[in-house]
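A.B. asks: Supplied in structure tokens, the structure appears directly below.
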Amino acid sequence: MFDSGLGGLSVWRELTRLLPQEPVIYLADRAYCPYGGRSAEDILARSEAITRYLIGQGAKLIVIACNTATSAAARELRRRYPELPIVGMEPAVKPAALHSRSGQIAVLATRATLKGDKFLDLKAQYDDSVDILPLPGDGFVELVENGDLGSDEAHQVVRRQLQPLQAHAVDQVVLGCTHYPFLSHLIEAALPAGVKLVDPARAVSQQAERLLHRHGLATTSSHAPTHRFVTTADAGSMSDFLRRVLDHQGEVSVVDVDSVAD
Ligand code: DGL
């Protein structure tokens, strides 16, 4: 699995719950985080280098645990690696649209995701049945990367970004960036009671499970697996985050993904 940073750990958490036997290597591209303000070409180049690294480590399936990288790179990676099952993130517009009673939903994501074809296609597909309000979560990724999940400043950043929702009767908010589930308590606190947050991590993990079975790749071992965590920068704060937020004692090592890039 990979993400620009720690956000994809919200998917790792679901995936390892659903598939407790599968060993997972999680790569955080923290040297290049955030991806949200980068060009689609840069994000594709990073995603390609990381995919090559993960294949070199023995990966049999890749989960792009990042909406921004999925939007910029999933199609091209599938073309370049036709044999490799690749699971990407998708903003959960469909379930949110289905469950909305007010007929208004918001999609909270990075600016790159909101500009990407994947989201624009989804929006066009559901525009007739619900009003879809795109909302950039500026500053949210940085809060999570800094391990700040609850300071006064974090509350303020979240409240400020959600301010435009005050004028709408939104009842479903799609978390369209994998960092955001770590801020869900702040997002909930800034919204009227009863607004539902929709996180696709579980659905994405179920898709990974289906693909593992379809390709005959599911592990047959019944031993508890060893998970690996690697990052392109800042291993120390990543270990702290793992311990504090996920209660996981995993070691984190630094890798140079570029050394296998070409
Ligand atoms: N976790 C990311 C996503 O799902 C990336 C955020 C970023 O690096 O800007 O979009």
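A.B. asks: Can you give me the number of residues within the range 53-70 that are in a helix (DSSP H, G or I) and surrounded by fewer than 16 Cβ atoms within 10 Å (Cβ to Cβ)?
C.D. replies: Of the residues in the range 53-70, 2 are in a helix (DSSP H, G or I) and surrounded by fewer than 16 Cβ atoms within 10 Å (Cβ to Cβ).
A.B. asks: Give me a count of the residues in the range 71-105 that are of a type in the set (A, V, I, L, M), outside any helix (DSSP H, G or I) and away from the ligand (no atom under 16 Å from the Cβ).
C.D. replies: Residues flagged as of a type in the set (A, V, I, L, M), outside any helix (DSSP H, G or I) and away from the ligand (no atom under 16 Å from the Cβ) within the range 71-105 amount to 2.
A.B. asks: Considering only residues that are of a type in the set (A, V, I, L, M, F, W, C) and touching a strand residue (DSSP E or B) at 6+ places or on another chain (Cβ under 8 Å), look in the range 123-139 and name the one that is nearest to the ligand (Cβ to nearest atom).
C.D. replies: L135
A.B. asks: For the range 179-189, give me each residue that is crowded, with 20+ Cβ neighbours inside 10 Å and aliphatic (A, V, I, L, M).
C.D. replies: If the condition is that a residue be crowded, with 20+ Cβ neighbours inside 10 Å and aliphatic (A, V, I, L, M), then L183, L186, I187 are the ones that fit.
A.B. asks: Can you pull out every residue in the range 5-46 that is of a type in the set (D, E), more than 15 Å from the ligand (Cβ to nearest atom) and surrounded by 19 or more Cβ atoms within 10 Å (Cβ to Cβ)?
C.D. replies: E22
A.B. asks: On to the next question. For residues in the range 158-169 being away from the ligand (no atom under 16 Å from the Cβ) and open to solvent by less than 20 Å² (accessible area, probe 1.4 Å), which is modelled with the highest pLDDT?
C.D. replies: Kept after step one, since they are away from the ligand (no atom under 16 Å from the Cβ), are these residues of the range 158-169: 159-160, 162-169.
Then keep just the ones that are open to solvent by less than 20 Å² (accessible area, probe 1.4 Å); that gives 162, 165.
On the way: L162: 97, L165: 93.
This residue is L162.
A.B. asks: Would you point out which residue out of S184, S205 is within 16 Å of the ligand (Cβ to nearest atom) and out of contact with any helix residue (DSSP H, G or I) (no Cβ under 8 Å at 6 or more places or on another chain)? I'd like the intermediate steps shown before the answer.
C.D. replies: Numbers: S205 fails: out of contact with any helix residue (DSSP H, G or I) (no Cβ under 8 Å at 6 or more places or on another chain).
After ruling out the rest, the residue left standing is S184.
A.B. asks: Could you grab the pairs with beta carbons closer than 6 Å, sequence gap of 6+ or different chains, first residue in the range 130-142 and at pLDDT 95 or above, second one open to solvent by 10 Å² or more (accessible area, probe 1.4 Å) and of a type in the set (S, T, Y)?
C.D. replies: V130/S100
Let's see how each residue does on (1) out of contact with any Ser or Thr (no Cβ under 6 Å at 6 or more places or on another chain); (2) within 27 Å of R243 (Cβ to Cβ):
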| position | (1), (2) |
| --- | --- |
| S10 | no, yes |
| E22 | no, yes |
| G37 | yes, no |
| D42 | yes, no |
| L54 | yes, yes |
| A65 | no, yes |
| I86 | yes, no |
| V93 | yes, no |
| A106 | yes, no |
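The values are calculated or read from the model by the stated rules, or taken from the named source; none is laboratory data. In this text, all values refer to a predicted model and were calculated from it rather than measured experimentally. Because the Cβ atoms are built from the backbone with ideal geometry, glycine has one as well, and the counts that use them run over all protein chains shown. The accessibility values were calculated without ligands, DNA or RNA, using every heavy atom of the protein model including side chains. Shrake-Rupley method; radii C 1.70, N 1.55, O 1.52, S 1.80 Å.
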